[in-house]
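Okay, so here's the structure we're looking at.
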Amino acid sequence: MANIVILGAGMVGSVMARDLARDADFDITLVDRSEDALSRTASLIDRPMKTTAADLSDCEAIQTVIAPADIVLGAMGSTIAYEALRTVIENGKNYCDISFMPENALELDDLARQRGVTAIVDCGVAPGMSNVLAGFAASRLDPCESIEIYVGGLPRERRWPFEYKAAFSPYDVIEEYTRPARLVEHGQEVVREALSEPEPIEFPGLGTLEAFITDGLRSLVDTLDVPFMKEKTLRYPGHIELMRAFRETGLFSEEPVELNGQRVVPRELLAKLMFPKWTYEPGEEDLTVMRVIATGRENGETVRLQWDLFDRFDRETGMTSMARTTGFPCTIMARRVLNGEFKPTGVIAPEQIGRVAGELDHLFAAHAERGVEYTAHRRVI
């Protein structure tokens, strides 16, 4: 029986556990500091699953809980994800992770190779499947001239004033609004301010959304030789201006300010006040929308390749769309690593998966089995 350890029992970690629990041959241990999160997930699974309460910011604690693991999955917040990744690699454990860490995970590639570890990072929906599609396009088109990624997780029902709720760590959402965004223009890396360059985008069945620059290209900037690449996040119209106003006011700042003799961190205060309003209520429905567009030459023609995802809350399981579309790529690839079907060692960015023949087809088929459908379009331009 394979021993699997999942680090993090939030919405995505819970989906990972539920998906992996479908296989009777897996012995699953779910780890989180929150006893409530652990018990909530365990109650959703109809067979025994081990739970361990541990502080995942403590590398010694991680080392202890992963000791029996055949493979480890990561679903933690961005602030602790890099050190967790290092700890898992140092202990010689294969790893699949979805964390939106600010550090460059590829810097641990040499260490992973030395330990003989396969560590797939950013293995969610975006980053994740978006990168897989980008890697596939870059290997199929000769040359690949541009890649554009548009992605967002949204509540099905729009509500004033935010027009938004967070299906993952709200702190990591704020990172999207503050972290300088890297793009590629004319073959050169350039940096833009997050929330900049807004544009309207039409999606069938949904209407008009607003897209804005975010730092979602991640490893694509370094791994793909494509002269134009950008990633934009999607929100309902109006959300961008509100978040820009918050940012310009200083509410996203992590620098303490003096208030009545007390030192207050604006982002922590904002989190305390706003995050409850950004939290999905049980059964509240969300959706995930993504479009990846690549242009280039194929068989002597200039073509446009496009992949669309439009996924909704799963009423049967109660799983949010964002948690499903983020967690499933990680569990699908973890199975392939565990079964010896995906063998490269090192720190693996998802675009490397897209370059391997047959891997994209397998990912699409495995998603479809779980009710998540990607559609592909090709046209000559």
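The values are calculated or read from the model by the stated rules, or taken from the named source; none is laboratory data. Predicted model, so just to flag it, every value in this text is computed and none were measured. With ideal geometry, Cβ positions are generated from the backbone for all residues, glycine too; neighbour counts draw on all protein chains shown.
The table that follows gives values for the structure above.
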read-out	value
Where a residue in the stretch 326-351 is farther than 16 Å from ASP27 by Cα and assigned by TED's automatic domain parsing to the domain that holds VAL88 and its partner, wherever it lies, is among the basic types (Lys, Arg) and not in a loop (DSSP other than H, G, I, E, B), with Cβ under 7 Å and at least six apart	PHE342/ARG336; THR345/ARG113; GLY346/ARG113
Check on LYS343, within 30 Å of ARG18 (Cβ to Cβ), assigned to a loop (DSSP other than H, G, I, E, B) and basic (Lys, Arg)	yes
Qualifying positions in the stretch 109-149 - out of contact with any Asp or Glu (no Cβ under 9 Å at 6 or more places or on another chain), assigned to a helix (DSSP H, G or I) and within 22 Å of LEU20 (Cβ to Cβ)	MET129
Index of the failed condition, GLU281 passing every other in (1) under 27 Å from the mean Cα position of the chain (by Cα); (2) surrounded by 12 or more Cβ atoms within 10 Å (Cβ to Cβ)	(2)
Test for ARG312: is it in contact (Cβ under 8 Å) with a residue 60 or more places away in the chain and in contact with a strand residue (DSSP E or B) (Cβ under 8 Å, 6 or more places away or on another chain)	yes
When residues of the stretch 75-104 are limited to those that are of a type in the set (Gly, Ala, Ser), within 18 Å of GLU60 (Cβ to Cβ) and in contact with a helix residue (DSSP H, G or I) (Cβ under 7 Å, 6 or more places away or on another chain), the one surrounded by the most Cβ atoms within 10 Å (Cβ to Cβ)	ALA84
Residue count for the stretch 146-193, restricted to those that are closer than 25 Å to VAL303 by Cα and not acidic (Asp, Glu)	10
Meets criteria (free of Cβ contacts under 8 Å to residues at least 40 places away in the same chain, assigned by TED's automatic domain parsing to the domain that holds ASP23, surrounded by 15 or more Cβ atoms within 10 Å (Cβ to Cβ) and not aromatic (Phe, Trp, Tyr)) for ALA61	yes
Residue match in the stretch 158-181 (condition: at pLDDT below 90, in contact with a Gly (Cβ under 6 Å, 6 or more places away or on another chain), within 30 Å of GLN306 (Cβ to Cβ) and surrounded by fewer than 21 Cβ atoms within 10 Å (Cβ to Cβ))	yes
Residues satisfying the stated conditions in the stretch 338-362, i.e. of a type in the set (A, V, I, L, M), within 19 Å of the chain's Cα centre (by Cα) and closer than 22 Å to ASP70 by Cα	VAL347, ILE348, ALA349, ILE353
Strands (runs of 3 or more DSSP E) lying entirely in the stretch 175-291 (those with 1 or more residues that are of a type in the set (Phe, Trp, Tyr))	199-203, 207-213, 228-235
Those residues of the stretch 31-54 which are within 18 Å of THR320 (Cβ to Cβ) and of a type in the set (A, V, I, L, M), in sequence order	ALA37, LEU44, ILE45
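Conditions tested, residue by residue: (1) in contact with a Pro (Cβ under 6 Å, 6 or more places away or on another chain); (2) assigned to a loop (DSSP other than H, G, I, E, B); (3) closer than 18 Å to ARG336 by Cα.
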position	(1), (2), (3)
VAL31	no, no, no
SER39	no, no, no
ASP46	no, yes, no
THR64	no, no, no
LEU73	no, no, yes
GLU107	no, no, no
